[in-house]
Amino acid sequence: METLDRRFLRKHINVRFIVKGEQLSGEIWFKSEDVSLGGVYLMSDFLLDKGEKLELSLEIPESGETLELQAEIAWVNLGMEDSQKDRYPGMGIKFMNPDQNAIEVLANILK
């Protein structure tokens, strides 16, 4: 089994993200499997292309505050590789240059 080198600790948390992107004519909701300061894994059978730039919105459950993030699809999981068969299909999303407020909000979610 392949071991992934992770830059950030991840927390298994189920949060809904609103996603806007080049391939989307509107916005679509995705559920997260895990979140870190560096990105999120969004579960879905509807997969976008690696490298696509996205705008993410996340409503913080405790405060109702909305967090806006610029992101990019870092990898796509079709659920077909042996190392990913136990994971629901989806996309690994990398946050692009989050500001200090976004980092603080994410850090609070991850506590």
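The values are calculated or read from the model by the stated rules, or taken from the named source; none is laboratory data. For clarity, every value in this text was computed on a predicted model and none was experimentally measured. Cβ sites come from the backbone with ideal geometry, for glycine too, and all protein chains shown count toward neighbours.
What is the one condition in (1) modelled with pLDDT of 90 or more; (2) out of contact with any strand residue (DSSP E or B) (no Cβ under 6 Å at 6 or more places or on another chain); (3) not aromatic (Phe, Trp, Tyr) that residue 4 does not satisfy?
(1)
Restricting attention to region 17-46, and to residues there that are exposed (fewer than 14 other Cβ atoms within 10 Å of the Cβ) and modelled with pLDDT under 85, which single residue is farthest from residue 107 (Cα to Cα)?
25
Taking region 7-62 only, how many residues are within 17 Å of residue 74 (Cβ to Cβ) and of a type in the set (D, E, K, R)?
Residues that pass the stated criteria total 10.
Conditions (1) modelled with pLDDT under 90; (2) more than 16 Å from residue 36 (Cα to Cα); (3) surrounded by 13 or more Cβ atoms within 10 Å (Cβ to Cβ), marked per residue:
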| position | (1), (2), (3) |
| --- | --- |
| 54 | no, yes, yes |
| 57 | no, no, yes |
| 63 | yes, yes, no |
| 71 | no, no, yes |
| 82 | yes, yes, no |
| 92 | no, no, yes |
| 109 | yes, no, yes |
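Inside region 31-50, can you point out the residues that are in contact (Cβ under 8 Å) with a residue 24 or more places away in the chain and hydrophobic (A, V, I, L, M, F, W, C)?
35, 37, 40, 42, 43, 47, 48
If you scan region 57-67, which residues turn out to be in contact with an Asp or Glu (Cβ under 7 Å, 6 or more places away or on another chain) and in contact (Cβ under 8 Å) with a residue 12 or more places away in the chain?
57
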